[in-house]
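*Asks:* Can you keep this structure in mind? I'll have questions shortly.
The values are calculated or read from the model by the stated rules, or taken from the named source; none is laboratory data. Keep in mind it's a predicted model, so treat the numbers as computed, not measured. Here Cβ is always computed from backbone atoms with ideal geometry, including for glycine, and neighbour counts include all displayed protein chains.
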Amino acid sequence: MSELKKMYKTIMDDHFPETMTITFGDQKLIYKKRTWKIEERPGEVIEKGLRYGENPGQEAALYELIDGNLRLGSCQFICGGKGLVSAITEADMI
């Protein structure tokens, strides 16, 4: 049972890019990978992204819109810096 707990607790490295740019015609959206500072052992702080995707052992990343705004017709979506889940800080998790 302890091996199963360890699988779910382990924070993996990932191979996703730090930034991602998506272009829709002349509109450009720029995203930054979210990371958090986590105390891995007493006195040892690491900075990593998500622990895992849907299952342990599966890499995952969460990106935050930092620049740009997608406008389709008269509909304007969330602007950079006004994230929802991607805006959660370490203080919000405590």
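*Asks:* Does ARG34 satisfy being at pLDDT 85 or above and of a type outside the set (A, V, I, L, M, F, W, C)? Talk me through it step by step, then tell me what you get.
*Replies:* Working: at pLDDT 85 or above: yes; of a type outside the set (A, V, I, L, M, F, W, C): yes.
Yes: the conditions hold for ARG34.
Condition check ((1) of a type in the set (Lys, Arg); (2) touching a helix residue (DSSP H, G or I) at 6+ places or on another chain (Cβ under 8 Å); (3) part of a strand (DSSP E or B); (4) buried (at least 16 other Cβ atoms within 10 Å of the Cβ)) across all residues:
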{"residue": "LYS32", "(1), (2), (3), (4)": "yes, no, yes, yes"}
{"residue": "GLU39", "(1), (2), (3), (4)": "no, no, yes, no"}
{"residue": "VAL45", "(1), (2), (3), (4)": "no, no, yes, no"}
{"residue": "GLN58", "(1), (2), (3), (4)": "no, no, no, no"}
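*Asks:* Counting just the residues of region 1-16 that are of a type in the set (A, V, I, L, M, F, W, C) and farther than 15 Å from GLU54 by Cβ, which one comes out farthest from the chain's Cα centre (by Cα)?
*Replies:* Quick first cut of region 1-16, residues of a type in the set (A, V, I, L, M, F, W, C) only: 1, 4, 7, 11-12, 16.
Cutting the leftovers down to farther than 15 Å from GLU54 by Cβ gives us 1, 4, 11, 16.
Values: MET1: 29, LEU4: 24, ILE11: 13, PHE16: 10 Å.
Looking at residues that are of a type in the set (A, V, I, L, M, F, W, C) and farther than 15 Å from GLU54 by Cβ, I get MET1.
Yes/no matrix, rows are residues, columns are (1) more than 26 Å from LYS5 (Cβ to Cβ); (2) of a type outside the set (A, V, I, L, M):
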{"site": "ILE30", "(1), (2)": "yes, no"}
{"site": "PRO42", "(1), (2)": "no, yes"}
{"site": "GLY49", "(1), (2)": "no, yes"}
{"site": "ALA60", "(1), (2)": "no, no"}
{"site": "LEU70", "(1), (2)": "yes, no"}
{"site": "SER74", "(1), (2)": "yes, yes"}
{"site": "PHE77", "(1), (2)": "yes, yes"}
{"site": "ALA87", "(1), (2)": "yes, no"}
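*Asks:* I would also like to ask the following. Take the residues in region 61-94 that are among the hydroxyl-bearing types (Ser, Thr, Tyr) and either in a loop (DSSP other than H, G, I, E, B) or modelled with pLDDT of 75 or more (or both), then tell me which one is nearest to the chain's Cα centre (by Cα).
*Replies:* Just the residues of region 61-94 that are among the hydroxyl-bearing types (Ser, Thr, Tyr), to begin with: 63, 74, 86, 89.
Then keep just the ones that are either in a loop (DSSP other than H, G, I, E, B) or modelled with pLDDT of 75 or more (or both); that gives 63, 74, 89.
Numbers: TYR63: 4, SER74: 29, THR89: 11 Å.
It comes out as TYR63.
*Asks:* Within region 18-30, how many residues turn out to be touching a Lys or Arg at 6+ places or on another chain (Cβ under 7 Å) and either over 24 Å from ARG71 (Cβ atoms) or not in a strand (DSSP E or B) (or both)?
*Replies:* Number satisfying all stated conditions: 1.
*Asks:* Oh, and also: Which residues, taken from region 10-23, are loosely packed, with under 11 Cβ neighbours inside 10 Å and closer than 17 Å to GLN58 by Cβ?
*Replies:* Across region 10-23, the qualifying residues are ASP13, HIS15.
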